[in-house]
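A short worksheet on the structure shown next.
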Amino acid sequence: MTRRYRECFAALSRSGRGAFIPFTVLGFPDPRSCIGHLELLAAQADALELGMPFSDPVADGPTLQRAGAEALAAGTTVRRGFDLCAGLRRGHPDLPIGLLVYANLVVRRGVDAFYTAAAKAGVDSVLVADVPSEEGEPFAAAARRAGISPVFIAPPNAPGAALERIARLGDGYTYVLTRSGVTGAEQGAGRAVREWLQALARRGAAPPVLGFGISNPEQVAGGIAAGAAGVISGSAVVTRLRELEAGELGISAMQDWLRSMRDATLATGDEVAPGRSCVRQ
Amino acid sequence: METSETKPGRFGCWGGRYVPELLVPPLVELEAAFESARTDTQFQVELNELLRDYAGRPTPLTRCRNLVAQTPARIYLKREDLLHGGAHKTNQVLAQALLAKRMGKRRIIAETGAGQHGVATALAGALMKIPVRVYMGVRDCERQQPNVFRMELLGAEVVAVENGSGTLKDAINEALRDWASSYADTHYLLGTAAGPHPFPTLVREFQRVIGREARAQILECEGRLPDVAVACVGGGSNAIGLFADFIDDESVRLVGAEPGGEGVETGRHGATISAGSPGILHGACTHVMQNNDGQILESYSISAGLDYPGVGPEHVYLAELGRAEYVPVKDAAALDAFQALSREEGIIPALESAHALAWALEEARRVKRETVILVGLSGRGDKDLTHVRGLLGGVKP
């Protein structure tokens, strides 16, 4: 695991918190505005997850599809995306930066060349949205050669063999999808999530980060209480960045919202699993 | 060589299953259902009955009487245009609909470009009482209005996809997104021999009937195998169906007619094998049209059914092996062939199929000795009438 993820999760674990990881699309709504967004997010984030825009994002919902299309229309190239990462890295030497891409962008450049370029841009992890673990070996190997953590998605329908593979190939963190989303109010959902996270932990998977349908502080708190090491919030963040651009949301309101999301990662009461190791040994 | 699959889901280095992890289990489920159905006599009997009594198999093999009378070539048409639904699509749709029922799925989703696959899926859904939703690019909906109405008449729900370029690739994206949240009770009935494993294999096996019949029919007519078999290639389902039973017959030249559009040098085409490059699209490692970054480009063709910036992975492998050749055929040549078949033989072909015929006509003019050419006439041209009428500026004298 790269130093930054390791130190981040270790520090959070000591303070009884989980990681708040906002997501946005590189170059959205245009490369210049994106620089400001990245700084705004980084100020309230434990780590960042950044999507490289792709013409055919089959794993994205409408909000992120639209953001990606706008980024491409505004001239965001892969190189420009990496430049944005490198700029962010210069100002934030310790912030873990994750990249979410689609396979064709990786193979087009050459798998090794892509991971090398990512490493050079200061990226810590790469998740290829349309490469499942059964196709993941060559991608994970190239990532490790470049000093990048390969991240895999653990969906709720993955059989045991896939979980084993995800645990073996993955590094940095594990991107966990849950069946029903996470709401603090839904006890049943919380229990299902907890069991799912335990199944991953038993197999020695990298720290579990919940990455779907996280849009308010209650969901953040619910996810952390269920045992997640962190949460990624994507559509909710991008929606607010769009409102910010349109002048419908003030900058201080945006900062307040980000802070409320981050504050919600402070696990409370007996739901904290003491000694839960976020660090993969 | 029964099949050119080198290991499950791989054709050399092509193919595979590049989908979000979430979609792997439903694809594995489909693969298992497909494998068990292949050896299940009851399934085969039911499918064969449907193909015969409902869809109209076997389809005839027609020798062209007038088209190439002045040349040493003889052209035979495998008449998938006479299949119920108006194109070869019905073959594999009936099979996949049976598979859907076998897996206990209660809903079917599909993508469509020209609308032929959507129509076939809609009619199968009506027949088997399974609700169908078809994703279709908004631009294709405009180009192929009659097929939108056909699907709706058959009881399907048509969703116009506005994302991206509003064409087939965007419809596939949207169907995949639907499936990611609906796979528990929904079958994704992919329409071509592309996409993630097992689709390229499954679609080939359920389209193999085209070449199997044609092979027996031409042996009966000619007492020998054809010199060439040619079919159009968009995603490549009718071509792989025609080729499959000829792959072992080394004397038979296999030719895929790709949509050359306005010419590959203009960039306005869909000839992914002739002029594309290796990439990963819609779940398979294959040839795609893309820019230097790997962003997928919009394809172009006079025929919506060939307008796709990817292609089935087995075709890329057959090209790599040199077993099949893939040739771009321009819009203009296809349009000429469309009219020629109408006037000379009384058959109005689909614009897609006209690409294969155009290549055959050129070949007939080229050859110096007796040559038997088998053309996969994958569909009929009714759906193209408005489009062609516009292009020709009305009926010529």
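The values are calculated or read from the model by the stated rules, or taken from the named source; none is laboratory data. Source: prediction; values computed, not measured. Cβ atoms come from the backbone with ideal geometry, glycine included; neighbour counts cover every protein chain shown. The accessibility values were calculated without ligands, DNA or RNA, using every heavy atom of the protein model including side chains. Shrake-Rupley method; radii C 1.70, N 1.55, O 1.52, S 1.80 Å.
In this calculation the C-beta distance from A:Ala246 to B:Asp185 is compared with R0 = 35 Å, giving a FRET efficiency of 0.35. Can you give the local net charge around B:Val230? Use residues other than it whose beta-carbon is closer than 12 angstrom to its beta-carbon, Lys and Arg +1, Asp and Glu -1. So the surrounding residues net to -3. Across A:Glu49, B:Glu262, the residue with the most accessible area heads the list, and the full order at a 1.4 Å probe is B:Glu262, A:Glu49. With contacts taken as Cα pairs under 8 Å at a separation of at least 6 residues, the range B:115-214 carries a relative contact order of 23 percent.
Using a simple spin-label model with pseudo-atoms 7 Å out from Cα toward Cβ, B:Ala32 and B:Arg366 lie 4.8 nm apart.
May I ask you to give the percent of accessible area on the range B:161-318 that is carbon plus sulfur, with a probe radius of 1.4 Å? After summing per-atom areas, the C and S share lands at 46 percent. Take the Cα of B:Arg63, go 7 Å toward its beta carbon, and the backbone nitrogen atoms of the range B:219-255 under 19 Å from that spot belong to B:219-230. If both residues of a DSSP beta bridge must be in the range A:3-276, then about 5% of such bridges are antiparallel. For B:Tyr308, the accessible area of its heavy atoms, probed at 1.4 Å with every protein chain present, is near 10 square angstrom. Remark: the Cα gyration tensor places chain B in the rounded category, a/c being less than 1.5.
Between B:Glu320 and A:Arg259, the distance separating the two model label sites (each 7 Å from Cα on the Cα→Cβ line) works out to 5.6 nm. In terms of overall dimensions, the C-alpha atoms belonging to the range A:3-276 reach 48, 45, 32 Å along their principal axes, ordered largest to smallest. Note on chain B: with a GNM built from Cα contacts shorter than 10 Å, the maximum mean-square fluctuation among B:Gly115, B:Gly379, B:Gly276 falls on B:Gly276.
Comparing Cα centroids, the range B:350-394 and the range B:241-306 end up 18 angstrom apart. Under the rule a/c < 1.5 gives rounded, and otherwise a/b versus b/c splits prolate from oblate, where does the range B:178-313 land using the Cα gyration tensor? Verdict is oblate for the range B:178-313. Which shape class applies to the protein assembly as shown: rounded if a/c is under 1.5, otherwise prolate when a/b exceeds b/c and oblate if not, where a ≥ b ≥ c are the square roots of the Cα gyration tensor eigenvalues? Prolate is the answer for the protein assembly as shown, as a/c is 1.5 or above and a/b outweighs b/c.
What is the Rg over Rh value, at two decimals, for the range A:1-132, using alpha-carbon atoms and the Kirkwood definition of Rh? Ratio value, two decimals: 0.96.
Inter-chain Cβ neighbour count for A:51-63, averaged per residue, equals 6 (cutoff 10 Å, partner chain atoms only). In the context of the full protein assembly, A:Glu164 retains an accessible surface of approximately 100 Å², using a probe radius of 1.4 Å and ignoring ligands and nucleic acids. Each peptide in B:249-258, B:74-83 gets a packing score, the mean of other Cβ atoms within 10 Å over its residues, and the list from highest to lowest is B:74-83, B:249-258. Of all DSSP bridge pairs formed entirely within the protein assembly as shown, close to 20 percent run antiparallel. The calculated 222 nm mean residue ellipticity attributable to helices in chain B amounts to -12500 deg cm²/dmol, summing -39500 (n - 2.57) over DSSP H runs of n ≥ 4 and dividing by all residues. Pairs of Cα atoms nearer than 8 Å and 6+ residues apart set the relative contact order; for the range A:3-276 it is 20 percent.
Which one, B:Ser277, B:Ser299, B:Ser353, has the greatest fluctuation when you compute a Gaussian network model over chain B with C-alpha springs under 10 angstrom? Maximum fluctuation in the GNM of chain B, among the listed residues, is at B:Ser277. Name the most mobile residue of B:Ile273, B:Ile109, B:Ile218, meaning the one with the largest mean-square fluctuation, in a Gaussian network model of chain B with Cα contacts below 10 Å. Sorting by GNM fluctuation, first place goes to B:Ile218.
Remark: mean inter-chain Cβ contacts per residue of A:99-108 equal 5, using a 10 Å Cβ-Cβ cutoff to other protein chain atoms.
Using a probe of 1.4 angstrom and keeping all protein chains present, the accessible surface of chain B works out to 35 square angstrom per residue.
If you take all other residues with their beta carbon under 12 Å from the beta carbon of A:Ala59, and give Lys and Arg +1 and Asp and Glu -1, the sum is -3.
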